[in-house]
Amino acid sequence: MKKVLLAVLLLFPALAAAEMDIEVQLTWAPPTENADGSPLSDLQGYNIWYGFGSGSYTQSITVADALADSFNFPVNGVASGTEIFVSMTAYDFEGNESAYSNEVSFGPFIVTDVTAPAAPTLNGSAVITFCPSGSECVN
């Protein structure tokens with residue numbers, strides 16, 4: 001199977017390098033308590049952490065809205081076959097940041113070819129291969 005995939009990637013390098021821009025739609029349940037179990041009264045916002053390997057977050061986005069429970073964000077230049085892994089933290093007005101939330105993944109995102117091939121060009125001629133006896137057949 002790996003040899004076939006390698007052959008396909010060598011024959012069609014554009015397929016291997018295909019990239020796309022996506023938008024991740026994320027929703028969550030806001031925390032209501034501090035890490036020690038006391039009521040949360042000073043939530044300021046969230047950090048969304050994401051990357052292309054489980055537990056390996058290379059980028060982040062800040063959502064400075066304590067009332068938010070969803071956020072959409074773009075991820076550009078995603079290679080075909082890639083998964084995106086996302087986790088979140090919450091932070092308060094003093095800058096205290098929570099532990100990472102559970103991780104969710106999206107994808108893999110696949111670029112598919114939706115372009116039909118060009119129509120074939122017909123050429124050739126008809127040749128009579130059988131003529132009933134007693135008949136005259138002309139080509």
If you take the residues in the range 39-98 that are open to solvent by 70 Å² or more (accessible area, probe 1.4 Å) and touching a residue at least 40 places away in the same chain (Cβ under 8 Å), which one is nearest to ALA29 (Cα to Cα)?
ASP69
Can you tell me which residues in the range 84-129 are within 32 Å of the chain's Cα centre (by Cα), of a type in the set (S, T, N, Q) and closer than 30 Å to ALA64 by Cβ?
SER87, THR89, SER98, SER101, ASN102, SER105
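Scan the range 110-129 and tell me whether some residue there is at pLDDT 95 or above and part of a loop (DSSP other than H, G, I, E, B).
The first filter runs over the range 110-129 and keeps only residues at pLDDT 95 or above, leaving none.
Taking every residue of the range 110-129 in turn, none turns out to be at pLDDT 95 or above and part of a loop (DSSP other than H, G, I, E, B).
Does the range 99-139 hold any residues that are farther than 30 Å from ASP21 by Cα and open to solvent by 100 Å² or more (accessible area, probe 1.4 Å), and which are they?
Taking the range 99-139 first, the residues farther than 30 Å from ASP21 by Cα are 119-139.
Listed by number, the residues that qualify are PRO120, THR121, LEU122, ASN123, SER125, VAL127, THR129, PHE130, SER133, GLU136, VAL138, ASN139.
The values are calculated or read from the model by the stated rules, or taken from the named source; none is laboratory data. All of these numbers come straight from a predicted model, not from anything done at the bench. Using ideal geometry, Cβ is built from the backbone for each residue, glycine included, and neighbour counts are taken over all protein chains shown. Just so you know, the surface numbers come from the protein's heavy atoms only, side chains and all, with ligands and any DNA or RNA stripped out. Shrake-Rupley method; radii C 1.70, N 1.55, O 1.52, S 1.80 Å.
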